[in-house]
Amino acid sequence: MPHRIAVLDRESCHSRKCNLECITFCPVNKTGSDCIVLGQDAKALISEELCTGCTICVKKCPFEAISIINIATELGEEKVHQYGVNTFRLYKIPIPKKKAVVGLVGRNGVGKSTALNVLSGSLKPNLGRYEVPPSWSEIIEEFQGTELQSHFEAISNGSLRVSIKPQAVYLIPKVWSGTVRDLLKAQAGASRDLNEMSDSLDLNECLDRNVSELSGGELQRTAVAATALKDADLYLFDEPSSYNDVFQRMHVSHVVSNLAKRASVVLVEHYLSFLDYLSDYIHILYGEPGVYGIVSSIQSARTGINELLEGYLQVENIRFRDQPVHFDIYSPLEDVTETPTICSYTEITK
């Protein structure tokens, strides 16, 4: 029997602007059961236990607010976190490795940031029991005998020091109004050298400028520096190469690789060349964006990237993309000068 996932996009559900097609056309509702009802907030509430997976509600909803997915029952038992009823859920969790960089790669919306928040301890995993969340002892027992047991034990007793660089670096000026130098001083640990870090990330010209005056690339490197300056056992970086050119990405990669010489590093990244250059191991995250995400088994960086491009996980025997990605050695156009003109403009001013 498959495990059913029913997810509602609450922002898209407008029960007062439709004829409640999801409730009216649901075959289970027609038999007298309450498979889909309106909740107290006037949003659709779907029972995953009663749902038969017919997807009629998915097709009838005028706002395309409902997703119904079937997954293997065995996978349903490996749920790490679910935010609430009819919401996104994450299956399995990445494994940090001591003195190594573990890369996470996958589509947007499949749980990479959720996985980082769970690993950092800022999000306590509820194992899918969002109504009555489990205690830390129950969570540790769930991962007993795995590499994650000691990780969650360290989180529960407060002995794990974590430093995390968030994805949304553009929000930093909203929480810090001083200079870059003051920000880095506030984050620097006793054993970290601010000037050396500033040199490594090409931030010397930015140190005495206000954070609100920085460009996207400068803000990103400032966030990397602030994260790397902390004394921590685990460093988490969410897309640290964004907004930077190839040379600046190399500076970032050197800082991250140096951290991995003494601590664990987990990295979320979309640029495959940067990921391949920096990672020792890789987890591929796949699933349905905004609905569910699955973390693959850990594998070497080269194997992981090849399987990502192929769209097929050999160990799990799962194909998560219909077509593999291939790169042609030669351009399909032999002579670009023969390309026909589609349109032309004259006398343009800006």
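The values are calculated or read from the model by the stated rules, or taken from the named source; none is laboratory data. What you see is a predicted model; the values in this text were computed from it and never measured. In this analysis, Cβ positions are derived from the backbone assuming ideal geometry, glycine residues included, and neighbour counts consider all displayed protein chains. Accessible surface areas use protein heavy atoms only, side chains included; no ligands, DNA or RNA. Shrake-Rupley method; radii C 1.70, N 1.55, O 1.52, S 1.80 Å.
Note on LEU20 and ASP245: their simple-model spin labels are 6.0 nm apart, each label 7 Å out from Cα toward Cβ. Absence of a disulfide-compatible partner, taken as no other cysteine beta carbon within less than 4.7 angstrom, is noted in the chain for CYS13, CYS18, CYS26, CYS35, CYS51, CYS54, CYS61, CYS206, CYS343. Comparing THR146, THR303, THR339 in a Gaussian network model of the chain (Cα springs below 10 Å), the most mobile by mean-square fluctuation is THR339.
Normalised size of the range 228-350, defined as Cα radius of gyration per 2.2 N^0.38 Å with N residues, equals 1.46.
Between LYS112, LYS174, LYS60, the Gaussian network model of the chain with springs among Cα atoms under 10 angstrom shows the greatest mean-square fluctuation at LYS174. Between GLY293, GLY178, GLY121, the GNM of the chain built on Cα springs shorter than 10 angstrom shows GLY178 fluctuating the most.
Distance from the alpha carbon centroid of the range 163-183 to that of the range 5-30 works out to 41 angstrom. Relative to one another, the C-alpha centroids of the range 86-158 and the range 293-323 are positioned 20 Å apart. Phi angles across the range 99-112 convert, under the Karplus curve 6.51 cos²θ - 1.76 cosθ + 1.60 with θ = phi - 60°, into 3J(HN,Hα) values of 6, 8, 9, 9, x, 10, 9, x, 5, 5, x, 10, x, 5 Hz, Gly and Pro given as x.
Using just the C-alpha positions of the range 157-269 as equal point scatterers, what log10 of I(q)/I(0) does the Debye formula give at each q in 0.16 1/Å? The computed values of log10 I(q)/I(0) come out as -0.66. Look at the alpha carbon pairs under 8 Å that are at least 6 residues apart: their mean separation over the length of the chain gives a relative contact order of 19 percent.
Computed from backbone phi, the HN-Hα couplings of the range 241-246 come to 8, 4, 6, 9, 7, 5 Hz, rounded to whole numbers (Karplus: 6.51 cos²θ - 1.76 cosθ + 1.60, θ = phi - 60°; Gly and Pro given as x). Residue separation of GLU338 and VAL58 scaled by 0.36 nm, minus their Cα-Cα distance, works out to 96.1 nm of gained length. The tail of the calculated P(r) for the range 1-129, taken as Cα-Cα distances beyond 22 Å, holds 44 percent of the pairs. Viscosity 1.567 mPa s, temperature 4 °C: Stokes-Einstein D of the chain from its Kirkwood Cα radius, in µm² per second? Rounded, D is 56 µm²/s. Length available on full extension from ALA168 to THR346: 0.36 nm per residue minus the Cα-Cα distance, which gives 60.1 nm. Just the protein heavy atoms count here, and of the accessible area of the range 88-146 at 1.4 Å, carbon and sulfur take up 47 percent. A simple spin-label model places pseudo-atoms 7 Å from Cα toward Cβ; at LEU38 and HIS3 they are separated by 3.3 nm. Dividing the mean sequence gap of close Cα pairs (under 8 Å, 6+ apart) by how many residues the range 95-216 holds gives a relative contact order of 18 percent. The angle between the Cα long axis of helix 216-229 and the longest principal axis of the Cα atoms of the chain comes to about 80 degrees, rounded to the nearest 10.
Each Lys or Arg adds one and each Asp or Glu subtracts one; over the other residues with Cβ under 15 Å from the Cβ of ASP182, this totals +1. The phi torsions of the range 160-171, fed into the Karplus equation with coefficients 6.51, -1.76 and 1.60 and a -60° offset, translate into couplings of 8, 8, 10, 10, 10, 9, x, 6, 7, 5, 5, 8 Hz, rounded to whole numbers, with Gly and Pro shown as x. Roughly how big is the range 90-138's charge dipole about its Cα centre, with Cβ charges of +1 (Lys, Arg) and -1 (Asp, Glu), in debye to the nearest 20? Dipole of the range 90-138, to the nearest 20 debye: 320 debye. Assuming charge only on the beta carbon of Lys and Arg (+1) and of Asp and Glu (-1), the dipole of the range 11-82 about its Cα centre is about 460 debye to the nearest 20. Between the residues TYR130, VAL162, GLY217, the greatest Cα displacement towards the positive end of the dipole of the range 123-220, with unit charges on the Cβ of Lys, Arg, Asp and Glu, is found for TYR130. In Å², and per residue, what accessible area does the chain have when probed at 1.4 Å with the other protein chains present? That works out to 55 Å² for each residue. Determine the alpha carbon to alpha carbon distance for each of LYS174/LYS230; LYS79/LYS165; LYS92/LYS174; LYS97/LYS174; LYS98/LYS124 and list only those over 31 Å. Beyond 31 Å between Cα atoms: LYS92/LYS174; LYS97/LYS174. Each Lys and Arg Cβ is given +1 and each Asp and Glu Cβ -1; about its Cα centre, the chain then shows a dipole of about 860 debye.
Find how many whole Å separate the alpha carbon centroid of the range 41-55 from the alpha carbon centroid of the range 197-250. Result: 45 Å between the Cα centres.
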